[in-house]
Amino acid sequence: MNASPPTIIAIDGPAASGKGTLARRLAEYYGFAHLDTGGLYRAVGLAVLRQGGDPADSAQAIKVAQALDAAQLAGLMADPALRSEPASDAASKVAAVPAVRQALYDFQRRFAAAPPNGAPGAVLDGRDIGTVICPEAPAKLFITASAEVRATRRVQELQSRGITAIYAAVLEDMKSRDARDSQREVAPLKPADDAFLLDTSLLNADQAFEKAVSFISTKVSALAENG
Ligand code: DC
């Protein structure tokens, strides 16, 4: 068969910027597979916690990341505890360890090169998709929003799941995770040179989606007409 290589859409940005919602929606619209790469780091963080380990201990994080097989990964990715604050915090710690990132690199590259179920393309969202994992992606988007807007969204999301959250604490936590993600030495959070910067502070999900689709149509001619 002479199929063309999958079309990759790379989406990066900080926590609660709206990138996950956007990525899922774009994948559905184009009939592409979607990979939430933050879930991979969360899975490693959660696995360390479940073993009674310390996510800040790099040696433990590396051991767990290297031992995870695809089935365990799938199980952890579907676990509701993946979205908990302890898992978020653990994820951001293990994600700063180069050997943990290396252990997850192949999984992400394979997903992009051969999206599941024969999908003609893939949308990957994370922090380093456009810069490290898929620098060849024709369409790269960097989604931002102010820390205050993102903290408000996170509080609402937690409340919708029945979890009471204090805005000031969530904002503080958001800022420290931002700092950790952007200042780490390996694969820090930053836009690729050719990424489309989309600030969603004043946009709702529909408006962000429309802007993203219109940018993608300028980059991938096959997606220009009907998606
Ligand atoms: O997007 P998220 O909140 O689920 O990500 C969880 C953590 O994983 C976050 O602190 C940053 C890290 N991460 C990363 O370093 N690289 C990625 N490609 C995705 C997430």
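All of (1) closer than 11 Å to HIS34 by Cα; (2) of a type outside the set (Lys, Arg); (3) away from the ligand (no atom under 12 Å from the Cβ) hold for PRO120 with one exception: (1). Could we say that PRO14 is more than 28 Å from PRO120 (Cβ to Cβ), within 10 Å of the ligand (Cβ to nearest atom) and part of a loop (DSSP other than H, G, I, E, B) here? So PRO14 passes the test. Every condition in (1) of a type in the set (Ser, Thr, Tyr); (2) away from the ligand (no atom under 12 Å from the Cβ); (3) more than 15 Å from the chain's Cα centre (by Cα) is met by THR144 except one, and the failing one is (3).
Against the condition of a type in the set (Lys, Arg) and free of Cβ contacts under 8 Å to residues at least 24 places away in the same chain, how does ARG25 come out, does it pass? No: the conditions fail for ARG25.
Taking the condition under 24 Å from THR144 (Cβ atoms), at pLDDT 95 or above and surrounded by fewer than 22 Cβ atoms within 10 Å (Cβ to Cβ), does ASP36 pass? Yes: the conditions hold for ASP36. Scanning the range 178-191 for residues that are within 13 Å of the ligand (Cβ to nearest atom) and not hydroxyl-bearing (Ser, Thr, Tyr) gives ASP178, ALA179, ARG180, ASP181, GLN183, ARG184, GLU185, VAL186, ALA187, PRO188, LEU189, LYS190.
The set of residues from the range 162-192 being surrounded by fewer than 17 Cβ atoms within 10 Å (Cβ to Cβ), farther than 11 Å from PRO14 by Cα and in contact with a strand residue (DSSP E or B) (Cβ under 9 Å, 6 or more places away or on another chain) is empty. In this structure, does ALA90 turn out to be assigned to a helix (DSSP H, G or I), out of contact with any helix residue (DSSP H, G or I) (no Cβ under 9 Å at 6 or more places or on another chain) and within 25 Å of SER176 (Cα to Cα)? Criteria not met by ALA90. Do you know which of the residues in the range 112-139 that are in a strand (DSSP E or B) and touching a Pro at 6+ places or on another chain (Cβ under 8 Å) is farthest from PRO6 (Cα to Cα)? So, considering only residues that are in a strand (DSSP E or B) and touching a Pro at 6+ places or on another chain (Cβ under 8 Å), the one farthest from PRO6 (Cα to Cα) is ALA122. Taken over the range 207-221, the criterion of being touching a residue at least 40 places away in the same chain (Cβ under 8 Å) and among the charged types (D, E, K, R) is satisfied by LYS219 alone.
Does the range 48-71 contain at least one residue that is on the phi > 0 side of the Ramachandran plot, modelled with pLDDT of 95 or more and not in a helix (DSSP H, G or I)? Yes; the residues of the range 48-71 include at least one that is on the phi > 0 side of the Ramachandran plot, modelled with pLDDT of 95 or more and not in a helix (DSSP H, G or I).
Is one or more of the residues making up the range 149-165 touching a helix residue (DSSP H, G or I) at 6+ places or on another chain (Cβ under 9 Å), more than 14 Å from the ligand (Cβ to nearest atom), of a type outside the set (D, E, K, R) and in a helix (DSSP H, G or I)? Yes, there is a match, as at least one residue in the range 149-165 is touching a helix residue (DSSP H, G or I) at 6+ places or on another chain (Cβ under 9 Å), more than 14 Å from the ligand (Cβ to nearest atom), of a type outside the set (D, E, K, R) and in a helix (DSSP H, G or I). Checking each residue in the range 207-227 for being touching a helix residue (DSSP H, G or I) at 6+ places or on another chain (Cβ under 9 Å) and of a type in the set (Asp, Glu) picks out only GLU225.
The values are calculated or read from the model by the stated rules, or taken from the named source; none is laboratory data. Quantities reported herein were computed from a predicted structural model and do not represent experimental measurements. FYI the Cβ positions are ideal-geometry reconstructions off the backbone, even for glycines, and counts take in every protein chain you see.
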